[in-house]
Amino acid sequence: MTLNKKIGLILGPLVFFIIILLPFDLLSQKADAVIAVAAWMVIWWIFEAVSISVSALLPLILFPLLKVMPLDDVGANYGSKIIFLFFGGFVLALALEKVNLHKRIALNIIKITGTTPNKVVLGFMIATATLSMWISNTASTVVMLPIAISVIKLLINDEDGFTKNDKNFALSVMLGIAFSANAGGIATIIGTPPNSVLIGLLEKQYDIEISFLKWMVIGLPFSLILLTIIYFVLVKWMFPNKQLEFSASQEIINLELKKLGSITKREKMVLVIFGITVFLWIFRTLINSLFPNLGLSDTVISMIAAVSLFAVPYNLKKEEFILQWQDTEKLAWGILILFGGGLALANGMATTGIVNLVTEVISASNLNILLIVSLLILLMLFMTELMSNVALITVLAPIIAGIAIGLDVPMLYLLIPVTIASSCAFMLPMATPPNAIVFASGYIKVNQMAKVGLLLNIISVCLLIVMYKFILST
């Protein structure tokens, strides 16, 4: 264990006990208990002393012991309907990966976009972003990386060696994959965990529902604009690859597709279930208006998909199904626990009056709303370069909701841009798993990622401020 982790491991409970044993109340006995638990969780998250999912279990233990709320009430957060929405989404992603359908989709997208250098970069970016909308950004990056490395090796082994143009192309492809994985997840509520945390908070604490389609109406255009900017910044500005020509990349794509063979029955079945699920998510409101007694929800649709993948046989005689329960060993259970911990912490902040206190303080101030929003976006985006975006949004979202109430601004106007900001970390390898994965390839230096990332971070902040000013608040 590193010294950093050892410090965090001891510091978390130490700060907790200091706050609990203070001879006076900071706010109230229960509110102080929530602050102490939050401090412990945040310290463990920052120092990565233990898994962030383990840290998220602390409210389940400490809230009942400290009389913040009964165990049943705390536990309900870990079994919220929003948790099952994402469980179904994770199962769907698991099926796509198991039958290799995600790789087939990605390869065909690259094949369609073309094989000139810039088009190859564009193909990798579109493929990665498309996958990242439905499966984890880590998985989408892992799928694309070996294909990208195969293409880059063609340039290393050609007659003129690895020239400056070749290096620029390699940088564009690698950074394009990482940044597209980050940006693509913004488009859907299941695309990236911070989106999920926000949706859960809004439903649980404020009875505000954002449907799959409503989020896409905002998230998808923003994602597309950001992807377009990333593409032009990489291939036209930072790393232009002029006069670079190669056609062998088409051979690699065809070879990879050949390895996959023709589409299997299992793939077709997963594709059908996936297509129906997305259709129902997008048109749920219309379906419910046509059939008022149906009461279809995003969670129910998600669970129908999950159960179908376990229950619909692709070979009835051999009793073979698309997924077996043992496949769920690969499921992101830790993220589901993290969602639950985040909801529990938010619930604790709300019930003990912490959010109301923030509301009152902001109400008493005369700060400019646009300035506050801009600072919150800036704070979130640059803090997420150094610590988990899920952990950050878990802690800050309830507080930002209180700020919105204090400013008498609809909380979605603040929460949506700040949540999206948590997915716009482009500067450092440790900021997101895709950044770390492509950095580990050896084709990128920290200063190269930081130089492009800082520019994209600033552009992202400007885009989010524009989103608040001219789209959300109009």
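Filtered by the rule that a residue be surrounded by 19 or more Cβ atoms within 10 Å (Cβ to Cβ), touching a Ser or Thr at 6+ places or on another chain (Cβ under 9 Å) and of a type outside the set (S, T, Y), region 405-432 gives I405, G406, L407, I420, A421, C424, A425, F426, A431. Of all residues in region 299-329, those being in a loop (DSSP other than H, G, I, E, B) and under 22 Å from the mean Cα position of the chain (by Cα) number 0. Among the residues making up region 61-97, a single one is under 16 Å from I273 (Cα atoms) and either open to solvent by 60 Å² or more (accessible area, probe 1.4 Å) or free of Cβ contacts under 8 Å to residues at least 24 places away in the same chain (or both): E97.
State whether one or more residues within region 463-470 are within 24 Å of T141 (Cβ to Cβ), open to solvent by less than 60 Å² (accessible area, probe 1.4 Å) and not in a loop (DSSP other than H, G, I, E, B).
Taking every residue of region 463-470 in turn, at least one turns out to be within 24 Å of T141 (Cβ to Cβ), open to solvent by less than 60 Å² (accessible area, probe 1.4 Å) and not in a loop (DSSP other than H, G, I, E, B).
Among the residues making up region 108-142, a single one is among the hydrophobic types (A, V, I, L, M, F, W, C), over 22 Å from L220 (Cα atoms) and surrounded by 24 or more Cβ atoms within 10 Å (Cβ to Cβ): V120. Within region 441-454, residues that are modelled with pLDDT of 85 or more have Cβ atoms under 8 Å from residues that are in a helix (DSSP H, G or I) and open to solvent by 50 Å² or more (accessible area, probe 1.4 Å) in these pairs: M449/F439, counting only partners at least 6 apart in sequence or on another chain.
When restricted to residues that are at pLDDT 85 or above, in a helix (DSSP H, G or I) and either within 19 Å of I225 (Cβ to Cβ) or touching a Pro at 6+ places or on another chain (Cβ under 9 Å) (or both), region 180-207 contains 11. The listed residues are L3, L21, L58, L11, and the only one of them that is open to solvent by 10 Å² or more (accessible area, probe 1.4 Å) and more than 24 Å from M430 (Cβ to Cβ) turns out to be L21.
The values are calculated or read from the model by the stated rules, or taken from the named source; none is laboratory data. Here the structure is a predicted model, which means the values were calculated and not measured. Virtual Cβ from ideal backbone geometry, glycine too; neighbours counted across all protein chains shown. Each accessible area value is taken on the protein alone, full model and side chains, heavy atoms only, with ligands, DNA and RNA left out. Shrake-Rupley method; radii C 1.70, N 1.55, O 1.52, S 1.80 Å.
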